[in-house]
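Enquirer: Here's a structure for you.
The values are calculated or read from the model by the stated rules, or taken from the named source; none is laboratory data. Because the structure is predicted, anything quoted here is derived from the model rather than measured. Please note: Cβ atoms are built from the backbone with ideal geometry, for glycine as well, and neighbour counts cover all protein chains shown.
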């Protein structure tokens, strides 16, 4: 799986989400995951795609950063438990 991270100003969220949905529908792309969190520097939106080429096209269209193959470990906070603590 590949993912795309985008940072938005809170005032842009509604407009950008609408534009993303229209674009995704037009391209016939279906994200497999979505998350949004509030950060000190704006909103961090992340969409996951099963196909890397879809993630890349989405990143290019919306000014995001494509990451692959998955965000499974990247989304862990730096202060997460050291390996072996939680089994």
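Enquirer: Going by the conditions given, is residue 9 surrounded by fewer than 13 Cβ atoms within 10 Å (Cβ to Cβ), farther than 18 Å from residue 66 by Cβ and either modelled with pLDDT of 95 or more or within 10 Å of the chain's Cα centre (by Cα) (or both)? Even if it seems obvious, please write down each step before you answer.
Expert: Working: surrounded by fewer than 13 Cβ atoms within 10 Å (Cβ to Cβ): yes; farther than 18 Å from residue 66 by Cβ: yes; either modelled with pLDDT of 95 or more or within 10 Å of the chain's Cα centre (by Cα) (or both): no.
For residue 9, the condition - surrounded by fewer than 13 Cβ atoms within 10 Å (Cβ to Cβ), farther than 18 Å from residue 66 by Cβ and either modelled with pLDDT of 95 or more or within 10 Å of the chain's Cα centre (by Cα) (or both) - is not met.
Enquirer: Out of all the residues in region 26-63, which are in contact with a strand residue (DSSP E or B) (Cβ under 9 Å, 6 or more places away or on another chain), part of a helix (DSSP H, G or I) and surrounded by fewer than 16 Cβ atoms within 10 Å (Cβ to Cβ)?
Expert: The answer is 52, 53, 60.
Enquirer: Confirm whether residue 63 is at pLDDT below 95, at positive phi and out of contact with any helix residue (DSSP H, G or I) (no Cβ under 9 Å at 6 or more places or on another chain).
Expert: Yes.
Enquirer: Then there's this: How many residues does region 12-25 contain that are over 18 Å from residue 60 (Cα atoms) and surrounded by 17 or more Cβ atoms within 10 Å (Cβ to Cβ)?
Expert: Adding up the residues that qualify gives 0.
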